[in-house]
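**Student:** Pasting a structure here, questions to come.
Readers should treat all values here as calculations from the given coordinates under stated rules, not as data from a laboratory. For clarity, every value in this text was computed on a predicted model and none was experimentally measured. Positions of Cβ are backbone-derived with ideal geometry, glycine not excepted, and every protein chain shown enters the neighbour counts.
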Amino acid sequence: MMEAAKVLDAKGLACPMPVVRTKKAMDELHSGEVLEVHVTDKGAMNDMPAWAKASGHELIEQTEDGAVQKFWIKKN
Amino acid sequence: MSLKRMTSQELAHKVINGDRLFILDVRNTDEFDHWRIEGKGIEIINEPYFNLLEGVDHLAKSLPKDEPILTVCAKGGSSEFIGEQLVDAGFEQIYSLEGGMKAWSEHLEPVKIASFDHGGALYQFVRLGKGCLSYMLVSDGQAAVIDATRMIDVYQDFAKKRSLTIKYIFDTHLHADHISGGRALAEAIGASATYYLPPKDAEEVTYSYEPLVEGHNVVVGQSKINVQPIYSPGHTIGSTSFVIDDKYLLTGDILFVESIGRPDLAGKAEAWVADLRETLYNTYQQLSKELIVCPAHFSHMSEMDGTGAVKATLGELFKKNEGLQVHDEETFRKMVTENLPPQPNAYMDIRQVNMGKHKPNIEQQREMEMGPNRCAVHYKLRRME
């Protein structure tokens, strides 16, 4: 797995906050760096890949760990 | 100016009245394409909230300036977030749908569809967000509920306000598109209520029930409103219709206003085609054409009249419903077994829940029921949603 430059804990947050926080964290990274995000909100789980695609970032990996969904997103 | 809120009930009244309303749906586009708010007066556009995090400027030109705009999302959080931004951008009449599509999907709107000569009434509970129809028959302080949704509080509150005792609870068949509230409602009421299910649909159920069979009529209230079950298989092997007071035909998922039931949701399309044909083209054909058909679903807002009710006479359906005009058996077989629309969301799991084999929590139940009902076969090129 690619080393994440930053880990964002968005567990327990409801829409739209997981994506809002992810975007903010992403803005602070450099191009090519990877952000790891942990999410529990069902809606956000579907929105995260759609957001990444719409904003040109690459969703490298997505795993499920019980109720927690983890995303690794590489900054464009 | 500040953001205002709209409840599902307020939205339901607008949809039923055909009022003009502009909706901005901010869910992701897959969800929007799958399922959205519909209505005669509804103009709806989709822009996911995550495309608006930098601001709403690029969207502003697509939005009307001089009328209310309702923002909608899955649960109500993102629509508020975007709604606030629109208010900040100078829009003056911005509303957010409280509870989002989740609340919309669970809202039931009772519509009185009949008053009986000798007292009593029939109410259709319209689940606008999902296209499900359930019924309450009321007579003399007693009530019967047919095809109850899982929102059983709605029926209980309705009965309580009118001092009614719910005595009979029926499911016309084992549902595959939504979680039945029939058994839960019977349990909540206690020993005074009886839950009926067609035995042929109940072979795998894990709970006790009263068999719903032809020949065992039920009488509701002193004024004796007669409820007569008619075995009408095809959507499921047990599907049973009701004739109420010799005037109303509750068809379950066999016959709808603009379409007919699909035979494939229990995985037995080929085996059940002949039953479906027999029910529609023989059993129903022999009934009085004056009967008013009250189905368990609708797929299009065009099936709803100006009062919010979904019904039509059997005679009218034999003239207009395309599913009843297919005289060649082979054409009929192809129509109901080939090129069927996608099945309802999680339909296999929903059947398991309705059999009592699987007991999901409320969040999981909501998740399973997402999306339209998709219980109908529409002839020709009709779209399902």
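**Student:** How do A:V39, B:V243 line up, fewest other C-beta atoms within 10 Å first?
**Tutor:** Fewest to most other Cβ atoms nearby, the residues stand as B:V243, A:V39.
**Student:** Right, another one. Mind checking A:14-21 for the average number of partner chain beta-carbons within 10 Å of each residue's beta-carbon?
**Tutor:** Mean partner-chain Cβ count within 10 Å for A:14-21: 6.
**Student:** For segment B:196-302, run through the chymotrypsin sites (Phe, Trp or Tyr not before Pro) and keep only the ones in DSSP coil with at most 14 other Cβ atoms within 10 Å of their Cβ. Before the final figure, lay out the partial values.
**Tutor:** Details: sites: B:Y196, B:Y207, B:Y209, B:Y231, B:F242, B:Y248, B:F256, B:W272, B:Y281, B:Y284, B:F298; in loops: B:Y207, B:Y209, B:F256, B:Y284, B:F298.
Hits after loop and neighbour filter: B:Y207.
**Student:** Additional query: So how do A:D47, B:D201 line up by other beta-carbon neighbours within 10 Å, fewest first?
**Tutor:** By the 10 Å Cβ count, ascending: B:D201, A:D47.
**Student:** Between B:S288 and B:T194, how high is the FRET efficiency from 1/(1 + (r/R0)^6) when r is the Cβ-Cβ distance and R₀ = 25 Å? Nearest 0.05. Could you put the intermediate results ahead of the total?
**Tutor:** Values: r = 28 Å, r/R0 = 1.13.
Given R0 = 25 Å and the Cβ-Cβ separation, E is 0.35.
**Student:** Still on this model: Please compute the average number of Cβ atoms from other chains found within 10 Å of each residue's Cβ in peptide B:44-53. Please report the intermediate quantities before stating the final value.
**Tutor:** Values: counts 0, 0, 0, 0, 6, 6, 15, 4, 1, 8.
That works out to 4 on average.
**Student:** For the protein assembly as shown, what is the charge dipole size about the Cα centre, in debye to the nearest 20, if Lys and Arg each add +1 at the Cβ and Asp and Glu each add -1 at the Cβ?
**Tutor:** 620 debye
**Student:** Moving to a separate point now. Please arrange B:C375, A:C15, B:C132 by counting, for each residue, the other beta carbons lying within 10 Å of its beta carbon, fewest first.
**Tutor:** B:C132, A:C15, B:C375
**Student:** HN-Hα J couplings of segment A:53-64 from phi, Karplus 6.51/-1.76/1.60, θ = phi - 60°, integer Hz, Gly and Pro as x?
**Tutor:** The phi angles translate into 5, 5, 9, x, 7, 9, 7, 7, 7, 9, 10, 10 Hz.
**Student:** Would you compute, from DSSP H runs of 4+ residues alone, the mean residue ellipticity of chain B at 222 nm, taking -39500 (n - 2.57) per run and dividing by the full residue count, rounded to the nearest 500?
**Tutor:** About -7000 deg cm²/dmol.
**Student:** I'd like the trypsin sites (Lys or Arg not before Pro) in chain A restricted to DSSP loop residues with at most 11 other Cβ atoms within 10 Å, sorted by number.
**Tutor:** Of the trypsin sites (Lys or Arg not before Pro), not one in the loops of chain A has a Cβ with at most 11 other Cβ atoms within 10 Å.
**Student:** In whole percent, what relative contact order does chain B give with Cα contacts below 8 Å and a gap of six or more residues?
**Tutor:** 13 percent
**Student:** Find the centroid of the Cα atoms in segment A:27-76 and in segment B:55-110, then give the distance between the two in whole Å.
**Tutor:** A separation of 26 Å, based on Cα centres.
**Student:** Sticking with this one: Which one of B:L63, B:L97, B:Q364 has its Cα pushed farthest toward the positive end of the charge dipole of the protein assembly as shown, where Lys and Arg give +1 and Asp and Glu give -1 at the Cβ?
**Tutor:** Working it through, the farthest residue towards the positive pole turns out to be B:L97.
**Student:** Kindly provide the trypsin sites (Lys or Arg not before Pro) of segment B:300-381 that DSSP labels as loop, not H, G, I, E or B, and whose Cβ sees at most 13 other Cβ atoms within 10 Å.
**Tutor:** Loop-located and lightly packed - B:K357, B:K380.
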